[in-house]
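All remarks here apply to the structure that follows.
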Amino acid sequence: MTVFNGRQGCIDNALSRRGFLGSAGLACGGLVLPQRLRAEPPANDQSAERRVVRPFNRYSDLLETVEKRGHKLRVLGFAPDKSPIVGIKAGGDKKPAIFISAGSHSTEQAGVAAAVELIDKLETEHQVYVIPCRDPIGLNGYRYALNLSLGDEPEIESMEQMEELLRDKGEVLLDAGGKLLVLIGEYGYANHGLYRKVEKGAEFLEPLKGRRLWFPSRYDDVPGSGLFERAYTQVVTPDGEVLHINRFHDTSWAPVEVRCTRGLMAKIKPGLTFDLHEYGGDAFWFSARRQRTDEDESWERRMAAEAARAVAASGAKMAPDDYSPGSFFSKLQPGVFWLDPSQRGEGLNLADFAANEYGAAFTVETGMRQPFEHRVRTSMLTVQTAVRVFEERYR
């Protein structure tokens, strides 16, 4: 495995100078970022069909898997721990391109696995670009995130041990109402998520403005997202609002993970975007965005309808008729919702931004209480079906 070193956040300048598809690497402050990791011969199609899909234990496992399948990994930038945020080109040469991403929420690992599988399994003449994981630190887990400030991964096995460690090693910023937040070194660490749980501009958030904080995964019934297996990344904005890294796509100030995504999208101008997520239920649904022209919206509706029908026909459990993801959603048809980000008021997520700037965009949500491989296949089926309709438009 190639070791990467360099400054985070170089993507905007690097892409403007060299371009994502340049063969000489991305220049960043004198550093040449390798466009390609060492690759081994890809597995033959027969063995690929037989492989069992499981969550990745570490981000390095994901990179190694993609390398072994013979794909070029292009470095888009670096997370704060110097992990490379990578993109992979697949598909054919036809435009407009298709963009697939996952992993901005670390507990939602079926989306990450589906994105990796689609690199090989999405058959299309259109260009396909994939960022399989937008949060390498989160994938590596909460102990790993603590290591960034402590210098070692602590041996913690329970929430009680973790909270004791946080109080002992950190500067306590909040310890009330069951919420614990401490500052250790450059970063914040919490026992629970603080998104929508604390007031914007709260005084105790002052030391964390412009910084990130982590809280641990703690599912007991979701393989790959058990206690401490993932570190959920949240960011305190410069004006003191706790958000997660699937925001900021329309703001000048943004974490490096978002800047990497925006930089790639600016180069490829995708006509179709998928962001692969999961939620805490056991059913399937996905969201679409209003389009800029009637023709664009007509095609988006058709892609949504065909994808929902295919998933329902596969036997996957669909979201019930009375289900609503939130007040800023409106139902389009069974399993499909319009999302209006203007009502949410937190900045644009990846799909919001893609719809505003480029074309059709879907956020796919599989239910985490379903078997892992089932969730992966359902996410893949959604993408594959929508892409077939997308191809019809550009024949």
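Is one or more of the residues making up the range 222-239 acidic (Asp, Glu), surrounded by 23 or more Cβ atoms within 10 Å (Cβ to Cβ), over 19 Å from Val383 (Cβ atoms) and not assigned by TED's automatic domain parsing to the domain that holds Gly315? Within the range 222-239, one or more residues are acidic (Asp, Glu), surrounded by 23 or more Cβ atoms within 10 Å (Cβ to Cβ), over 19 Å from Val383 (Cβ atoms) and not assigned by TED's automatic domain parsing to the domain that holds Gly315.
Inspection of the range 180-197 finds no residue satisfying the criterion of being of a type in the set (Asp, Glu), under 20 Å from Tyr142 (Cβ atoms) and assigned to a strand (DSSP E or B). Of the residues Val112, Val66, Val130, Val86, the single one that is crowded, with 23+ Cβ neighbours inside 10 Å, farther than 19 Å from Thr385 by Cα, at pLDDT 95 or above and in the same structural domain as Tyr279 (by TED's automatic domain parsing) is Val86.
Scan the range 120-143 for residues that are assigned to a helix (DSSP H, G or I) and either of a type in the set (Val, Ile, Thr) or touching a helix residue (DSSP H, G or I) at 6+ places or on another chain (Cβ under 7 Å) (or both) and jot them down. Selection gives Asp120, Lys121, Pro136, Ile137, Leu139, Asn140.
You will find that of Ser47, Ser60, the residue that is at pLDDT 95 or above and assigned to a helix (DSSP H, G or I) is Ser60 and no other. Here is the figure for the range 150-179: residues that are part of a helix (DSSP H, G or I), free of Cβ contacts under 8 Å to residues at least 24 places away in the same chain and hydrophobic (A, V, I, L, M, F, W, C) total 1.
Hey, could you check the range 198-211 for residues that are on the phi < 0 side of the Ramachandran plot and part of a loop (DSSP other than H, G, I, E, B) and say which is surrounded by the fewest Cβ atoms within 10 Å (Cβ to Cβ)?
The qualifying residue surrounded by the fewest Cβ atoms within 10 Å (Cβ to Cβ) is Glu199.
Being acidic (Asp, Glu), assigned by TED's automatic domain parsing to the domain that holds Asn356 and touching a helix residue (DSSP H, G or I) at 6+ places or on another chain (Cβ under 9 Å) is a property that holds for Glu306. Which of the residues spanning the range 343-395 are without any contact (Cβ under 8 Å) to a residue 12 or more places away in the chain and of a type in the set (Gly, Ala, Ser)? Passing the criteria: only Gly345.
Applying the criterion of being under 28 Å from Gly224 (Cβ atoms) and polar (S, T, N, Q) to the residues of the range 324-378, the residue that is surrounded by the fewest Cβ atoms within 10 Å (Cβ to Cβ) is Ser324.
The values are calculated or read from the model by the stated rules, or taken from the named source; none is laboratory data. Just so it is clear, the structure is predicted and the values come from calculations on it, not from any experiment. Backbone-built Cβ (ideal geometry, glycine too); neighbour counts: all protein chains shown.
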